[in-house]
């Protein structure tokens with residue numbers, strides 16, 4: 001399956017072998033690259049590639065290591081940003097310069113990401129919810145005493161159930 005977003009074919013490679021990782025990454029020439037983890041001390045080694053969806057020309061790569069498996073990794077293309085969750089951190093990466101615009105640490109596991117109608121990002125963790133601007137500024141932040149049991153979106157409102165209590169968060 002090919003995942004194409006904004007004329008970019010997004011693919012990734014993950015391994016537990018640093019040698020296999022370096023062989024794969026070195027073999028592919030890219031216009032732009034960012035290495036988010038100089039120490040490479042995670043259990044898993046990741047590379048995310050973006051190729052032109054028509055010509056298959058390599059356009060960018062993002063490399064990092066993480067202690068989290070691929071089910072905990074998220075990559076979102078948002079306007080001129082790449083949003084990457086490595087399991088422990090959330091990176092805002094400028095897609096033109098491939099520089100980190102901002103970084104957020106997770107204190108609890110990430111549940112999901114959602115872009116709102118007014119172009120903000122909802123970051124839902126097990127014990128918190130943040131609404132962020134594309135500059136990485138926190139617009140709203142909510143902390144919960146217990147973990148989220150259930151949630152759903154309805155009419156621009158995120159409804160969250162926490163220990164028999166329902167919390168409604170307006171996301172626009």
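Numerical summary
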quantity	calculated
With Cα atoms, 0 to 90° folded angle of helix 18-27 axis to the chain main axis	70
Over the stretch 17-117, relative contact order from alpha-carbon pairs under 8 Å, at least 6 apart, %	18
Shape of the stretch 2-127, Cα gyration tensor, a/c cut at 1.5	oblate
Ranked 6, 114, criterion: other C-beta atoms within 10 Å, fewest first	6, 114
Length-normalised contact order for the chain - Cα pairs under 8 Å, 6+ apart - percent	11
GNM result for the chain, Cα springs below 10 Å: residue of 27, 88, 105 fluctuating most strongly	27
Estimated distance in nm for a label pair at residue 105 and residue 128, the labels positioned 7 Å out from Cα along Cα-to-Cβ	1.0
Gain in span if fully extended, residue 145 to residue 172, counting 0.36 nm per residue against the direct Cα distance	7.3 nm
Order of 151, 75 - criterion: other Cβ atoms within 10 Å of each residue's Cβ, fewest first	151, 75
Taking the stretch 108-172 and dividing mean pair separation by its residue count, relative contact order in percent (alpha carbons under 8 Å, at least six apart)	22
Residue 22 versus residue 4: modelled label distance in nm, points set 7 Å from Cα along the beta carbon direction	3.6
Order of 116, 86 under a 10 Å beta carbon neighbour criterion, fewest first	116, 86
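Rule-based calculations on the coordinates, nothing more; no lab input. It should be emphasised that the depicted structure is a prediction, and the values quoted were computed from it without experimental measurement. A quick note on method: Cβ atoms are made from the backbone with ideal geometry, for glycine too, and the neighbour counts reach across all protein chains shown.
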